[in-house]
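Working notes, structure below.
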Amino acid sequence: MHGEAWVNKAIQEADLLLAFGMRFDDRVTGKISHYAPNAKKIHIEIDPSEINKNVQVDIALVGDLKETLQKMLPSIKTVDHTEWLDEINTLRGHSAVRDIKNLPDNGHLYAAHVINALWQVTKGEAIIVSDVGQNQMWTAQYYRHDKPNTSITSGGLGTMGFGLPGGIGAKFAMPDQEVWVIAGDGGIQMTMSELSTIAQEGIKVNIAILNNGYLGMVRQWQEFFYDKRYSATPMKGPDFVKIAEAHGLTGLHVDSRDQVIDAIEAARKNPGTVLIDFKVEKEDSVYPMVPTGAAIDAMIRRPLPESVIQES
């Protein structure tokens, strides 16, 4: 639904899908009758109830993924896919979802600026725990998780409020690792009582709140499909910095792009937990987006700024 455009297009053009340990849920497939129409599908899944539940596959293997692959690998022959990989790389080059230069240059602070700066400052080595909603999608897009076990999220369960307690758990599991929680102003309010746990246990978990004054993911749907008839999505949140300070923690306000890196670096140097309230663009959306009931290559994409259009 919010996958990068080149990935969705590659799936639609593929002649074989290897689906290992996945559910083929509607967020992945879009309109099932139009999903990977030219591809044969091999599905390995430990839960037999998931086989052919949503998508009919050509070969189904029920079992533990690691054990199944270990049995299969000796029988698999190496094949040259250079031509297809070149085509995929070409598609990838035309889909600059991670290129923050394509954001409107209107002086506003965008969530992508914050997350991309966080990736740059931490050199991609921090454990990032995302909450649920737009922040979850942007984190996947703009923090380039190049190392395994550095991205923690609740997946498709929709558990708003996961980020802060998830970050605490990550820090206890990996006390020597740098841990950042990225949350929206909606999700953080569901579990911000866990700031008391952080203060009591004296642990270091930095918190980046992408504060846009909305329940952003729902607002995005209301903008695209309901003519901006916003209902129950605008939010009047508290002063998160004061809440952090009330727990004996450090809080910072950031409302412009030139403050972002300094705030992140200050949080990293502080021996205790730091909460940063980033006031980001209110009506920004996650792109691309596949509307409900559409094929996954029928994507809504971010409109390019006029400057980019003129350059091209």
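In what sequence do PHE225, PHE278 fall when counting other Cβ within 10 Å, fewest first? Provide the component values of the computation, followed by the final result.
Details: PHE225 11, PHE278 29.
Sorted ascending by nearby Cβ count, the order is PHE225, PHE278.
Would you mind checking the pairs LYS123/LYS279; LYS123/LYS204; LYS31/LYS66; LYS77/LYS147; LYS41/LYS71 and listing those with alpha carbons more than 26 angstrom apart? Provide the component values of the computation, followed by the final result.
On the way: LYS123/LYS279 23 Å; LYS123/LYS204 19 Å; LYS31/LYS66 30 Å; LYS77/LYS147 28 Å; LYS41/LYS71 19 Å.
Over 26 Å apart, Cα to Cα: LYS31/LYS66; LYS77/LYS147.
State, as an integer percentage, the relative contact order of the chain based on alpha-carbon contacts under 8 Å between residues 6 or more apart.
With pairs under 8 Å counted, the relative contact order is 20 percent.
What distance in nm separates the simple spin-label points at SER33 and HIS145, each placed 7 Å from Cα in the Cβ direction?
Going from the SER33 label point to the HIS145 one covers 3.5 nm.
So for the stretch 155-255, averaging the separation of alpha carbon pairs under 8 Å that are six or more residues apart and normalising by length, what relative contact order in percent results?
Working: 113 pairs, mean separation 23.6, N = 101.
Relative contact order here is 23 percent.
Expressed as cubic angstrom per residue, what is the convex hull volume of the alpha carbon set of the stretch 202-259?
In the stretch 202-259, the Cα convex hull volume per residue is 116 Å³.
So what are the ³J(HN,Hα) numbers for the stretch 40-47, from phi and the Karplus equation (6.51, -1.76, 1.60; θ = phi - 60°), rounded to whole Hz, Gly and Pro as x?
Each residue's phi maps through the Karplus curve to give 6, 10, 10, 10, 10, 8, 7, 9 Hz.
Divide, for the stretch 1-135, the radius of gyration over alpha carbons by 2.2 N^0.38 Å, where N is the residue count. If you can, show how the numbers build up before the last one.
On the way: Rg = 18.8 Å, N = 135, 2.2 N^0.38 = 14.2 Å.
Dividing the Cα Rg of the stretch 1-135 by 2.2 N^0.38 Å gives 1.32.
Along the stretch 188-197, what does the Karplus equation 6.51 cos²θ - 1.76 cosθ + 1.60 (θ = phi - 60°) give for ³J(HN,Hα), rounded to whole Hz, x for Gly and Pro?
Once rounded to whole Hz, the list reads 5, 6, 6, 9, 5, 4, 5, 4, 5, 5.
How would you rank ILE44, ILE51, going from fewest to most other Cβ atoms within 10 Å of each one's own Cβ? Before the final figure, lay out each step's value.
Working: ILE44 21, ILE51 17.
In order of increasing Cβ crowding within 10 Å: ILE51, ILE44.
What is the order of VAL121, VAL132, VAL205, fewest Cβ neighbours within 10 Å to most?
VAL121, VAL132, VAL205
Going by alpha carbons, how many degrees (0 to 90, nearest 10) lie between the helix axis of 111-122 and the longest principal axis of the chain?
The angle comes out near 90 degrees.
At 0.36 nm per residue, and after removing the present C-alpha to C-alpha distance, how many nm does the segment from ASP47 to HIS253 gain when stretched out fully?
69.5 nm
Values in this text are rule-based calculations from the coordinates and carry no lab data. Please read all numbers here as calculations on a predicted model, not as lab measurements. With ideal geometry, Cβ positions are generated from the backbone for all residues, glycine too; neighbour counts draw on all protein chains shown.
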